[in-house]
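Colleague: Just passing along the structure, written as structure tokens.
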Amino acid sequence: MNGKIKIDLNALAIFARVAEALSFSAAARRLDMPISTVSRKVADLEDSLGVQLIERSTRKLRLTDIGVDVLYEAQRSVETAEAIDAMVSNRLSEVRGRISISAPPSISDSLLAPILSAFQSTYPQVSVQVMVTQRFVDHLTEGIDLALRVGELKDSALVATPLLKYRRQLVASPEYIARHDPLTHPQDLPAHRVLAFGTSVAGHRWSFSRGEATETVEVRPVLAMNDYAGLARSLADGAGIGDLPPIVRTDLVSSGKLVEVMTDWKLPIETLSMVRLGNRHVPKALRVFIDFATTRAKQMFTDLPS
């Protein structure tokens, strides 16, 4: 007897997913297999190694000290296996696989849907799952490969690829403009009916710039909504003045149903990014999509306000 341990590489990969998520159910969803299979595979791996890798309780899981060490090597093994599989399968000529994306509702129809249609027309062997939600998602536990987000990253484990840069515009319907006093300065805003993005009608602070001058004004919206697409409809109906990203409901501006007001005062530049986990091997389908989306978005929006 040579004393060598036979390790099931499939079980090792499953253990890595469970350890990363600290959840059997989350790992099962990510792997698209029954939770009973995931649990059995991890138990079989522990039996073959003769050590306990995960401490289980009714509330949560915790890696043992040896489990932490095994996880590091398991992740390296999984990444190596995936890279070898990609090379052996020669996927340079044919991109296939599955991508899971999270996106806010405001841009699902105006930006994401057209990009996905063009992408899948070019790469029909790639299936895409989209979860439309306003909240920040947990990439690991929810199985998200890529999330569309606005603003700076707070999680150092994430990597962002800029998709578009733009300024929100202050807009209103021609009917609203005709019924109210002209808006020429940010300090005129509190006298108007303001519609704002958000979940609360409590005070919102907006900052504007004109050359070297800056102005910050607090407004109390009569309507707050955390969906820009819905907010745009209310603005077009003449409900008030509000801020709108130029990538949302572009038809309302191009048709004249919404008009930019106070054009010499500018809101800050914002960045819409594609965000992914930075410590993971990036499958070919995901790499191709990121490159495709970056190019396509710039083609779709060539004259964004700056």
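Colleague: If N is the number of residues in the range 169-266, what value comes out of its Cα radius of gyration divided by 2.2 N^0.38 Å?
Modeller: On the way: Rg = 12.5 Å, N = 98, 2.2 N^0.38 = 12.6 Å.
Here the Cα radius of gyration is 0.99 times the empirical estimate.
Colleague: Beyond 29 Å between alpha-carbons counts as too far, so tell me which of Lys41/Lys154; Lys154/Lys298; Lys6/Lys284; Lys154/Lys284; Lys60/Lys154 fall in that bin.
Modeller: Working: Lys41/Lys154 35 Å; Lys154/Lys298 26 Å; Lys6/Lys284 31 Å; Lys154/Lys284 26 Å; Lys60/Lys154 25 Å.
Going by Cα-Cα distance, Lys41/Lys154; Lys6/Lys284 fall outside the 29 Å limit.
Colleague: Please arrange Leu45, Leu63 by counting, for each residue, the other beta carbons lying within 10 Å of its beta carbon, fewest first.
Modeller: Details: Leu45 21, Leu63 18.
Least to most surrounded, the residues fall as Leu63, Leu45.
Colleague: Restricting to DSSP H runs of at least four residues, report the calculated mean residue ellipticity at 222 nm for the chain, -39500 (n - 2.57) per run over all residues, nearest 500 deg cm²/dmol.
Modeller: Roughly -11000 deg cm²/dmol at 222 nm, from the helical runs in the chain.
Colleague: I've got another one for you. Which one of Ile115, Ala285, Gly240 has its Cα pushed farthest toward the positive end of the charge dipole of the chain, where Lys and Arg give +1 and Asp and Glu give -1 at the Cβ?
Modeller: Looking along the dipole axis, the top candidate is Ala285.
Colleague: Find, among the chymotrypsin sites (Phe, Trp or Tyr not before Pro) in the range 1-81, those assigned to loop by DSSP (not H, G, I, E, B) with at most 16 other beta-carbon atoms within 10 angstrom. Before the final figure, lay out the partial values.
Modeller: On the way: sites: Phe15, Phe24, Tyr72; in loops: none.
Listed in order of number, the matching sites amount to none.
Colleague: Of all DSSP beta bridges in the range 89-149, what percent run antiparallel (nearest 5)? Each step should come with its number before you reach the end.
Modeller: Numbers: 0 of 9 bridges.
If I count the DSSP bridges inside the range 89-149, around 0 percent turn out antiparallel.
Colleague: Check every DSSP H run in the chain and write down those whose alpha carbon atoms cover 15 angstrom or more along the long axis and whose mean Kyte-Doolittle hydropathy is 0.5 or greater.
Modeller: What comes out of the filter, once short or polar helices are dropped, is 9-21.
Colleague: Normalise the Debye intensity by I(0) for the range 91-153, one equal point scatterer per Cα, no solvent, then take log10 at q = 0.14, 0.21, 0.23, 0.26 Å⁻¹ and round to two decimals.
Modeller: -0.45, -0.90, -1.01, -1.15
Colleague: OK, next. Net charge near Val130, counting Lys/Arg +1 and Asp/Glu -1 over other residues with Cβ under 12 Å of its Cβ? Show your work: numbers first, answer last.
Modeller: On the way: positive: Arg98; negative: Asp109, Asp145.
Charge balance in the 12 Å sphere: -1.
Colleague: Right, another one. Which part of the range 243-281 falls in the paramagnetic zone of Thr184, meaning amide N under 20 Å from the point 7 Å along Cα-to-beta-carbon?
Modeller: In the range 243-281, the label zone of Thr184 (backbone N under 20 Å from the point 7 Å along Cα→Cβ) covers 260-267.
Colleague: Please compute the Cα-Cα pair-distance distribution of the chain with 10 Å bins starting at 0, giving whole percents from short to long.
Modeller: 5, 22, 25, 19, 14, 10, 4, 1, 0, 0
Colleague: Please identify every one of the trypsin sites (Lys or Arg not before Pro) in the range 1-47 that sits in a loop by DSSP and has no more than 10 other beta carbons within 10 Å of its own beta carbon. Can you show the working numbers first?
Modeller: Working: sites: Lys4, Lys6, Arg17, Arg29, Arg30, Arg40, Lys41; in loops: Lys4, Lys6.
Counting only loop positions with at most 10 other Cβ atoms within 10 Å, the trypsin sites (Lys or Arg not before Pro) in the range 1-47 are Lys4, Lys6.
Colleague: Work through the residues other than Val248 whose Cβ is under 14 Å from its Cβ and net out their charges, Lys, Arg +1 and Asp, Glu -1.
Modeller: -1
Only the coordinates and a few stated rules stand behind these numbers; no lab work does. Everything numeric here is computed off the predicted structure, so don't read it as measured data. Here Cβ is always computed from backbone atoms with ideal geometry, including for glycine, and neighbour counts include all displayed protein chains.
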